[in-house]
Amino acid sequence: MNTDPIISLSHLTKHFPVGKGQFTALRDINLTFGTGEFAGLVGPSGSGKTTLLNIIGSLDVPSEGEALVMGRSVSSLTHKESAQLRNQHIGFIFQVFNLLPVYTVYENVEFALLLQRMDAAARKKAVLDALEWVGLTDKINSKPPQLSGGESQRVAIARAIVKRPAIVLADEPTANLDAKNSHHILQTMQRINKELKTTFIFSTHDEKVMQYLERMINLADGQVVRDELVQPVKS
Amino acid sequence: MLTFKLALKNLLGAGLRTWLNVAVLSFAFVLIIFYNGMIDGWNEQARRDTIEWDVGQGQLWHTDYDPYDPFTLQEAHGMAPAEAGLMPVLIVQATIYPEGRMMPVRLKGIPARQQTLALPTEALVPAGDETRIILGKRMAKSAGLAEGDRVLLRWRDQHGTFDAREVVIAQVFDTNVPNVDAGQVWIDLAVLQEMTGMPGEATMLVADQTYAGSAPEGWAFQTQDQLLTEIDTVIQSKKVGGSITYLMLLLIALLAIFDTQVLSIFRRQREIGTYIALGMTRREVIALFTVEGGANSLLAMAVGAVYGIPLMAWLAQAGIPMPAATDNVGLAVAEKIFPVYGLGLVLGTVALVTVAATIVSYMPARKIAYLRPTDALKGKIL
């Protein structure tokens with residue numbers, strides 16, 4: 001693991017308006033993540049894991065404090081700049097896969113590269129490489145409704161890594177998968193992490209995911225209660 | 001280009017919903033082009049027939065002549081100017097008595113050997129002692145007269161004295177131009193001048209191509225366009241009347257697109273969130289949804305072309321039969337109208353439908369600007 005910080009969160013707080021008051025989802029978070037980390041935000045529902053992931057992914061901004069991602073302060077980015085940051089440096093994997101239903105597997109994976117205006121030949125190679133990584137080259141013409149849950153999540157992983165991002169944010173990636181598929185997915189991500197040096201940050205409360213983590217950050221009530229390096233049980 | 005490709009893909013991926021919108025919109029396309037083509041064809045035919053049968057290349061009117069006031073006819077005549085390219089017509093009020101009925105008519109004297117108008121005036125060439133007249137078929141029908149019939153004609157001469165004689169119907173002609181038919185009786189000019197004691201006089205003169213355009217004192221030149229204003233006005237009002245029908249259809253199609261867009265933005269929030277997470281800006285997502293809605297019109301054009309082009313080409317060739325009742329609209333209506341589809345009409349319709357479809361697609365898509373990506377990813381209702 002390289003410890004060069006690519007994500008730096010300092011005194012990060014996030015409030016959400018609730019009625020006339022406000023709800024504090026994150027409270028004074030101070031964390032850094034380096035290249036090639038395989039880390040997890042662990043905690044029960046409502047502990048702030050997804051909110052933190054959203055801020056790191058520049059889908060949301062902190063109410064207080066600062067979030068630096070790839071050297072850019074998330075709060076100061078324009079819509080266009082944050083879109084560029086996501087497109088170039090951040091891959092997302094969602095709990096419910098979020099595949100585009102009318103596109104084939106190939107087109108779903110290709111989508112992020114189209115936004116980068118990559119030329120056709122390079123795009124094709126990148127897409128086929130990514131699909132090979134996740135073992136789905138035989139499904140390139142299938143559409144999401146024709147895929148199983150495990151296959152859909154593998155497409156989502158391929159879509160996240162196809163642009164070779166520095167960071168992949170995975171929000172409860174195994175929540176809709178059975179144990180066998182969960183392990184398969186996690187092993188795939190672990191392999192990508194090792195070979196491509198991609199930083200993976202998970203949000204999870206799934207024991208299966210925790211078995212693969214190298215760093216576990218426990219959140220409770222929007223605060224970091226423990227941040228420790230761990231020896232992955234599965235590798 | 002990318003936005004357009006993605007929009008088209010999403011649109012085609014939506015399946016039946018898209019094709020229903022496209023079907024209605026394509027019908028609007030075809031109907032707008034067809035209806036306007038028919039009106040333009042009618043306009044063209046009406047103008048052409050009216051020029052050939054009635055107005056020529058313009059008319060020189062006696063300054064007292066008012067075609068809408070029959071009482072001016074008694075005074076509205078003078079010595080016909082001897083200008084080249086002008087054909088004199090003398091008009092007087094008269095009455096015919098077919099089958100004992102009394103029918104006021106406009107008695108028009110025209111040179112029997114004229115070639116300025118399409119009227120079959122050769123039939124007026126005097127033969128023997130009988131006075132020959134010709135009538136249009138509508139006039140003949142309303143008077144109950146046929147070729148060869150004799151009828152009593154009464155008129156007033158220049159001093160206001162009534163005179164009468166029996167005339168023979170030399171020919172009943174068929175024309176689409178009501179102005180030369182309904183209530184009109186045509187007679188040889190020299191005969192009428194003799195009957196009224198107005199030798200060499202005329203009420204108006206019809207110009208042909210050789211007329212130089214000078215108007216002597218006491219006469220006023222009416223250009224072809226001035227004389228066709230009435231037709232233009234009627235055609236225009238027909239166009240406006242018809243446009244209400246197709247605008248209603250267009251409105252229904254646009255409503256369907258609007259509805260689909262609103263529904264899309266509700267149903268596809270997770271997709272919108274995904275687009276943003278993958279690196280699209282909100283503006284790009286709005287553009288995508290707007291183009292997606294607007295692209296309905298492009299598909300509608302393609303679908304409309306598939307059935308519209310053969311249908312309209314056939315109608316332009318075969319013509320559209322007009323019911324007899326349309327004879328009474330007050331302007332030339334042929335038995336068949338041949339629609340005319342100009343480039344301007346097609347491009348104008350394409351522009352109208354495309355712009356309208358894009359606007360109604362943009363309106364609901366604007367909501368995306370207020371959508372938080374994190375809420376969108378959760379599929380929260382706006």
Members of region B:203-215 found to be surrounded by 12 or more Cβ atoms within 10 Å (Cβ to Cβ) and either at pLDDT 85 or above or more than 20 Å from B:P67 (Cα to Cα) (or both), listed by number: B:T203, B:M204, B:L205, B:V206, B:A207, B:D208, B:Y211, B:G213
Top-ranked residue in region B:258-275 [being of a type outside the set (V, I, T) and within 23 Å of A:G57 (Cβ to Cβ); ranked as most open to solvent (accessible area, probe 1.4 Å)]: B:R270
Set A:N141, A:N87: member being among the polar types (S, T, N, Q), touching a Leu at 6+ places or on another chain (Cβ under 9 Å) and under 25 Å from B:L11 (Cβ atoms): A:N87
Qualifying positions in region B:61-83 - surrounded by fewer than 18 Cβ atoms within 10 Å (Cβ to Cβ), among the hydrophobic types (A, V, I, L, M, F, W, C) and under 33 Å from the mean Cα position of the chain (by Cα): B:F71
Test: residue in region A:177-200 that is touching a residue at least 40 places away in the same chain (Cβ under 8 Å) and within 14 Å of another protein chain (Cβ to nearest Cβ): no
Failed item, numbered, when B:L249 is tested on (1) under 22 Å from B:A23 (Cβ atoms); (2) out of contact with any Phe, Trp or Tyr (no Cβ under 7 Å at 6 or more places or on another chain); (3) open to solvent by 10 Å² or more (accessible area, probe 1.4 Å): (2)
Residue match in region A:175-196 (condition: open to solvent by 20 Å² or more (accessible area, probe 1.4 Å) and hydroxyl-bearing (S, T, Y)): no
Scan of region B:269-282 for residues that are in contact with a His (Cβ under 8 Å, 6 or more places away or on another chain) and either small (G, A, S) or free of Cβ contacts under 8 Å to residues at least 12 places away in the same chain (or both), ordered by number: B:T281
Test for B:A28: is it within 30 Å of B:S297 (Cβ to Cβ), in the same structural domain as B:L315 (by TED's automatic domain parsing), touching a Leu at 6+ places or on another chain (Cβ under 6 Å) and at pLDDT below 85: yes
Failed item, numbered, when A:Q84 is tested on (1) facing chain B (nearest Cβ under 8 Å); (2) touching a helix residue (DSSP H, G or I) at 6+ places or on another chain (Cβ under 8 Å): (2)
Any hit, region B:279-291, residues being small (G, A, S), closer than 17 Å to B:L8 by Cβ and part of a helix (DSSP H, G or I): yes
Boolean, A:L213 is open to solvent by less than 10 Å² (accessible area, probe 1.4 Å) and touching a Gly at 6+ places or on another chain (Cβ under 8 Å): yes
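The values are calculated or read from the model by the stated rules, or taken from the named source; none is laboratory data. The structure displayed is predicted, hence computed values, not measured ones. Glycine gets a Cβ as well: all are built from the backbone with ideal geometry, and neighbour counts include every protein chain shown. Remember, those area values only see protein heavy atoms, side chains included, never the ligands or the DNA or RNA. Shrake-Rupley method; radii C 1.70, N 1.55, O 1.52, S 1.80 Å.
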